[in-house]
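Below is one structure, written out as structure tokens; comments come after it.
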Amino acid sequence: MAGDVQEYNAKSEIMYIVITGDLKSSKKIDNRPLSQDNLKKAIHEVNSNFNDYIVSDFRIIGGDGFQGMISTYNIIIDIYFSLFQTINHPFYLGIGSGPISTPLSNYVQEIDGKAFHHSSEALETAKKKNRWVVLRSNLKNNDLIECVFNFTFDIMWSWTNRRKEIILFYRNHNEDTVAISKAAHKYSIGTRSIYKTLETGKYSMLKYGEKVLENELK
């Protein structure tokens, strides 16, 4: 028993990262069943693709929300891209870090602590201030990181559906000249049109922001 208490106390001092999300204006969604299916698929993909970094699986909460706990900051933008690609509806994120006050569980709803409180507070601020993401962390440049996140995500949400398809295809295929050729073939357009789509979608600016975030979140 003493050993279990010591192990639990040690875990309580670890800084965990909780991501809590909620679909924007979900009550106005016309096709709720499709929205739910997309959300379920998105959560499944995140849990499968980022399993090595997930402390407690992402799960749907409250119908139109989701929550999970991860071990490192530097996968947040990849998780966001994964959610963005599949949910197909604007969503807010609240990201909080801190210790937990309960034992770990694969059911994120069973865990509590400052990390969860910070995440929930961040989500409420995101909704109130209409930001894509709000970050409550112990990171030195918390506000700067949050700002770059929002500018980066704002670029993504400005894409049309067609532009989104092409850019994500390019991103998912190594972002090189071969990917350009594959995209041109898949969408039956010339390679110049692919380059133009990347330019119009400000993808180079997005990558710049992503690089800044990678350096800050190491």
>> Give me the residue from the range 187-218 that is over 21 Å from the mean Cα position of the chain (by Cα) and aliphatic (A, V, I, L, M) and, out of that set, farthest from residue 170 (Cα to Cα).
In response: 189
> Which members of the range 115-146 meet the condition of being open to solvent by 60 Å² or more (accessible area, probe 1.4 Å) and over 23 Å from residue 64 (Cα atoms)?
Replying inline: 138, 140, 143, 144
> So residue 77 fits all but one of (1) touching a strand residue (DSSP E or B) at 6+ places or on another chain (Cβ under 8 Å); (2) buried (at least 19 other Cβ atoms within 10 Å of the Cβ); what number is the exception?
Replying inline: (1)
> So is residue 152 open to solvent by less than 30 Å² (accessible area, probe 1.4 Å), in contact with a Lys or Arg (Cβ under 7 Å, 6 or more places away or on another chain) and at pLDDT 95 or above or not?
Replying inline: no
> So, in the range 82-107, of the ones that are open to solvent by less than 10 Å² (accessible area, probe 1.4 Å) and more than 12 Å from residue 17 (Cβ to Cβ), which residue ends up nearest to the chain's Cα centre (by Cα)?
Replying inline: 83
> Could you list, in sequence order, the residues of the range 25-83 that are in a helix (DSSP H, G or I), in contact (Cβ under 8 Å) with a residue 12 or more places away in the chain and of a type in the set (Asp, Glu)?
Replying inline: 45, 78
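The values are calculated or read from the model by the stated rules, or taken from the named source; none is laboratory data. Nothing here was measured: the structure is a model prediction, and the numbers come from that model. Because the Cβ atoms are built from the backbone with ideal geometry, glycine has one as well, and the counts that use them run over all protein chains shown. Side chains are part of the model used for accessible areas, which takes the heavy atoms of the whole protein and leaves out ligands, DNA and RNA. Shrake-Rupley method; radii C 1.70, N 1.55, O 1.52, S 1.80 Å.
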